[in-house]
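K.L.:
Have a look at this one before I ask anything.
Every number in this text was worked out from the coordinates using simple rules, so none of it is lab data. Keep in mind that what you see is a predicted model, and the values were worked out from it rather than measured. Backbone-built Cβ (ideal geometry, glycine too); neighbour counts: all protein chains shown.
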Amino acid sequence: MPARGYHLSKDELGADILEVAMGPHHPSTHGVFRMDLKLDGETVVDLKPIFGYLHRNHEKLAEDIPYLGCMPFTDRLDYLCGMTNNWAFALSAEQLIEIEIPERAQYIRVICAELTRLINHCLLVGFFINDLGALGTPLLYALREREKILDLFETLSGARMMVNYMRFGGVRCDLPDGWLQECERIVGRFPAFLDEYETLLKDNEIVITRSQNVGVLTQEEATNFSITGPMLRASGVNYDIRKVDKYGIYDRFDFKVPIGAHGDCYDRFMVRMLEMRESIKILKQAIADIPEGPIMGNEPRVFKPDPQETYGRIESPKGELGFYLIADGTTNPYRYKVRPPSFVNLTALRHMCIGHKVADAVIILGSIDIVLGEVDR
Amino acid sequence: MSLIAKGILQGMAVTAKNFIQSYYKKERLPTVEYPEEKSTVNQFTRNIPFLVYDGEDEIEGMRCTACKLCEKACPPQCIYIIKDTDENDKPIKRPKVFDIDSSVCMSCQLCVEVCPFESIRMDSEFELSNENRFEGLLINRDELLKSNEYYHEIHPIEAQETDDRIAAKIAEAETKKKAREEKARLAAEAKQAAAAMKAAEEAAAETETSATEQAQQSEAKAEAPEDNPETKNT
Amino acid sequence: MSEVNHVLVTQQFPEVEWEEKNSCFIVPSEKATEVVTWLKEHPAFRLDYLSCVSGADYLDSEVKTKEKNEDGKMEVTITQVPAKMEAVYHFFSIEKKTGPVLLKQRCMDRDNPVVQSLTPIYRGAELMEREVYDLYGIHFTDHPDLRRILMWPNFEHYPMRKDYVIPNDYDYEPTPHDEVIERARERRAQLEGGSM
């Protein structure tokens, strides 16, 4: 796609191709991430994503500790969504040892995962608008709402982000008294915030001109690039692992999967806004239906699964989060591989940015929704 | 784009509403001025482990028995324990060194979950900054030891549950002990009875030393252990 | 987990091996492109989405299997398993909503492992294959841009390999207890001795 608006090429300027290293310390790269850009005037002709600054070889670490010991490390992958990371790992390990999960624990897991989705999308939308140039204000409104959910997590698990809450066969502790009522109150008020936020941004002319037709991915490209999550659905592919795999108890809830039509940045933004509304629907049903009962099966803390391989995946807020585990009959995993959604979604960055201006590269990166803790592992 | 930027004006109305309401509505301005006001922790917050002791004396009331389960369970291996010894170099159930490296600890609470003596618990203290990056961040045993009252102060519900559990454990141990004592007493009584019977038999044997009565005596001996379970049951 | 119609594949490609234990296809590298293209197009599979590429490293090992023989005695058989490296691909079908289908490219030569890259067919594999190359040292032929991705460019080893030894070049570690600190002290003494 050619760059829009008035454009001076390098020949008109009498200049060469300019190489710019954007990052690793740059406010709009969402962490220590570097884009090596080649610019013709203001147009991007080539882009190389460079990362690994946060690399700590999470996968190697996990080979030396028991399965349960890996759980707190998963919080630090995508540090905004500790709950879904926990769940994905618990799901894969539960496939190894085949445990029954109590009903109440299943509901708690769904509630936590959907609250995490609210947190993540709130933050992403806020930062996306921040990247567009609306410094501060809309982001802080989003952070303010996120704070309330983080307080819920703190009451539940003791920590705001590094929750370490799920266990193989259930969850660590039961909901404290009054937690569900508080949760219901916050979820009940959330749509009002979303309405306000949509009034603030949805019809904003600047947001529309900056983000529509920018960073377009067609359906075929999105599938071929292994894109997952809201980004895939913004390109018009109806694929939500909650609907496809029906892991946990997602088959019991009535919710829709929002689909975009153009696959541009604006669609990605709107798909996330709509997903928050669907999450609220799921949350309301889950809070109404949650039964009393045990929260944890009687499972040993250390176990030795038979030698086998398993791949468990869930729909994390950023896309498909998978754990590929190889067990060798000892207490530690032989191989522990994370399939991080934002790392794979980055593959399409170069393709989407070429032909756009530098300022657009920033919002395309923002619309991918990366977290460097997960990209670098 | 329309000439009159309707969307932008709508957005400005929202920000204006937020601005004005932030003066009188708590939910529009939930921030606090941190060092003056500390509303950042609640009673469920966990940050770094500490050791609970009962009573007045730190060393005597220490619940930790240096079993090293937490050291093994800690994923980043930030706990370091050395068992204490008495003057004769015999190990006693108490840590001599109990260090937690707070720069490594990731507040995962796995040590709390494995502790069978309810000794290690999570603190909600979060102002741990220090001038010395290495030794200053290493928290040793004496700094880690905090009283049960402090535990009740920071985590009232959890501490109460722990206390109840410990009380139940002690009560159970006591009933068990009592049962054991009762059993021992009854066994001793039975033994005494058997011994008395034996003595009586022997006395009888002394007077009448015929071969047939020897056989009777052995029969009586065989009967004596059968009496014991009955006495136990009563 | 859905059932995989593996007979269809092994009929079409006799070189492809079906491993029952892990329910995966073992594909020889020279056939990989052909097999995957076929799987992508075939109406029974339509594997249009490559979810995950991972590496796996196995050293020489012995597997002990205990079995009861006719006399009722336990008999231990020891089988030697040779060292190998694998590139594991997890495929799903977005169109048919099925999966996963596992496909492995195996190389027995651990010193110089080479497999076929699938990036020309699935562009999503680009970064994931680079990561496998970076951490395991498996070379992907026909990969457009095979460079290190997480480690720095002049790093020499492949850290995820099972025989990787952690280098002894600590400067100072803030863990005052591990053997790490001892090594750090030695290292410092060594450096100071060298500079003087």
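K.L.:
Can you give the charge dipole size of region A:10-50 about its Cα centre, rounded to the nearest 20 debye, using +1 on the beta carbon of Lys and Arg and -1 on the beta carbon of Asp and Glu?
P.N.:
Dipole about the Cα centre, nearest 20: 300 debye.
K.L.:
Something else: Let me spell out the model: positive unit charges on the Cβ of Lys and Arg, negative unit charges on the Cβ of Asp and Glu, origin at the Cα centre of the protein assembly as shown. What dipole size does that give, in debye rounded to 20?
P.N.:
Using Cβ point charges on Lys, Arg, Asp and Glu, the protein assembly as shown gives about 2540 debye.
K.L.:
Give me the one-decimal nm value for the distance between modelled label points at B:Lys6 and C:Lys162, 7 Å along each residue's Cα-to-Cβ direction.
P.N.:
With each label point 7 Å from Cα toward Cβ, the separation is 6.7 nm.
K.L.:
Along the charge dipole of the protein assembly as shown, Cβ charges K/R +1 and D/E -1, which of C:Gly137, A:Leu37, C:Gln80 sits furthest on the positive end?
P.N.:
About the Cα centre, the residue reaching furthest to the positive side is A:Leu37.
K.L.:
Based on the alpha-carbon gyration tensor of region C:1-146 and its eigenvalue square roots a ≥ b ≥ c, which shape applies: rounded if a/c is under 1.5, prolate if not and a/b is larger than b/c, or oblate?
P.N.:
Oblate shape, in that a/c is at least 1.5 and b/c is the bigger or equal ratio.
K.L.:
Take peptide B:9-16, look around each residue's Cβ out to 10 angstrom, count Cβ atoms belonging to other protein chains, and average those counts.
P.N.:
Mean shielding count: 5.
K.L.:
Here is a further query. Looking at B:Asn148, B:Cys108, B:Asn88, which one has the Cα that reaches farthest to the positive end of the dipole of region B:85-168 (charges on Cβ: Lys, Arg +1; Asp, Glu -1)?
P.N.:
The listed residue farthest towards the positive side: B:Asn88.
K.L.:
Could you work out the Rg to Rh ratio of region A:10-50, with Rh taken as the Kirkwood radius (inverse of the mean 1/r over all Cα pairs)?
P.N.:
Rg divided by Rh gives 1.07.
K.L.:
For the charge dipole of region A:303-377, defined by +1 on Lys and Arg C-beta atoms and -1 on Asp and Glu C-beta atoms about the Cα centroid, which residue among A:Phe303, A:Tyr334, A:Ile368 has the Cα displaced farthest towards the positive pole?
P.N.:
Working it through, the farthest residue towards the positive pole turns out to be A:Ile368.
K.L.:
Pull out a ≥ b ≥ c, the square roots of the eigenvalues of the alpha-carbon gyration tensor of the protein assembly as shown, then state rounded if a/c is under 1.5, prolate if not and a/b is larger than b/c, and oblate in the remaining case. If you can, show how the numbers build up before the last one.
P.N.:
On the way: a/c = 2.01, a/b = 1.60, b/c = 1.26.
It comes out prolate by the Cα gyration axes.
K.L.:
Just to be sure I follow: if Rg is taken over the C-alpha atoms of region A:58-376 and Rh is the Kirkwood radius over the same atoms, what is Rg/Rh?
P.N.:
0.97
K.L.:
Please work out the ratio of the alpha-carbon Rg of region A:169-283 to 2.2 N^0.38 Å and round it to two decimals.
P.N.:
With N residues counted in region A:169-283, Rg over 2.2 N^0.38 Å equals 1.27.
K.L.:
Which value at 222 nm does chain A reach when only helices count, each DSSP H run of 4 or more adding -39,500 (n - 2.57), with the total divided by all residues and rounded to the nearest 500 deg cm²/dmol?
P.N.:
Dividing the helical sum by the residues of chain A leaves -14500 deg cm²/dmol.
K.L.:
With 10 Å bins from zero, work out the P(r) of region B:48-154 over every alpha carbon pair and list the percent per bin.
P.N.:
Distribution as computed: 14, 49, 32, 5, 0 percent.
K.L.:
May I pose another question? Computed over the Cα atoms of chain B, what is the ratio Rg over Rh, Rh following Kirkwood?
P.N.:
With Rg and the Kirkwood Rh in hand, the quotient comes to 1.38.
K.L.:
Run the helix sum for chain B: -39,500 (n - 2.57) per DSSP H stretch of 4+ residues, divided by residue count, reported at 222 nm to the nearest 500 deg cm²/dmol.
P.N.:
Estimated from H runs of four or more residues: -16000 deg cm²/dmol.
K.L.:
What's the angle, to the nearest 10 degrees (0 to 90), between helix A:137-157's Cα axis and the longest principal axis of chain A?
P.N.:
Roughly 10 degrees between the two axes.
K.L.:
Then there is this: For helix B:211-233, report the angle its Cα long axis makes with the longest principal axis of the Cα atoms of chain B; keep it between 0 and 90° and round to the nearest 10°.
P.N.:
Computed tilt is about 20 degrees.
K.L.:
I want the antiparallel fraction of DSSP beta bridges within region C:1-115, as a percent rounded to 5.
P.N.:
Looking only at bridges with both residues in region C:1-115, the antiparallel portion is about 90 percent.
K.L.:
Report, in debye and to the nearest 20, how large the dipole of chain C comes out about its Cα centre when Lys and Arg carry +1 and Asp and Glu carry -1 on their Cβ.
P.N.:
That gives a dipole near 420 debye.
K.L.:
Would you mind classifying region C:65-118 by shape? Square roots of the alpha carbon gyration tensor eigenvalues, ordered a ≥ b ≥ c; an a/c under 1.5 is rounded, otherwise it is prolate if a/b is larger than b/c and oblate if not.
P.N.:
Cα axes put region C:65-118 in the oblate bin.
K.L.:
Residue-wise, which Karplus ³J(HN,Hα) couplings in Hz belong to region B:121-127, taking 6.51 cos²θ - 1.76 cosθ + 1.60, θ = phi - 60°, and x for glycine or proline?
P.N.:
Result, rounded to whole Hz: 9, 8, 8, 10, 5, 10, 8.
K.L.:
Also, quick follow-up: For the residues C:Trp152, A:Trp179, C:Trp18, A:Trp87, what sequence is obtained by ranking on other C-beta atoms within 10 Å, fewest first?
P.N.:
C:Trp152, C:Trp18, A:Trp179, A:Trp87
K.L.:
Under a straight-distance cross-link criterion of Cα-Cα below 19 Å, which aspartates and glutamates are reachable from B:Lys90, leaving out those fewer than 8 residues away in the same chain?
P.N.:
Partners found: B:Glu60.
K.L.:
Between helix B:6-21 and chain B, what is the angle of the helix's C-alpha long axis to the longest principal axis, kept within 0 to 90° and rounded to the nearest 10?
P.N.:
60 degrees
K.L.:
Can you list the HN-Hα couplings for region B:52-63, worked out from phi with the Karplus curve (6.51, -1.76, 1.60; θ = phi - 60°), rounded to whole Hz and with x for Gly and Pro?
P.N.:
Result, rounded to whole Hz: 8, 10, 9, x, 8, 8, 5, 6, 5, x, 5, 7.
K.L.:
Distance cut-off 22 Å, Cα to Cα: go down the list A:Lys256/C:Lys40; A:Lys284/C:Lys97; B:Lys68/B:Lys177; B:Lys83/B:Lys176; A:Lys304/C:Lys66 and report the pairs above it.
P.N.:
As for pairs spanning more than 22 Å Cα to Cα, those are A:Lys256/C:Lys40; A:Lys284/C:Lys97; B:Lys68/B:Lys177; B:Lys83/B:Lys176.
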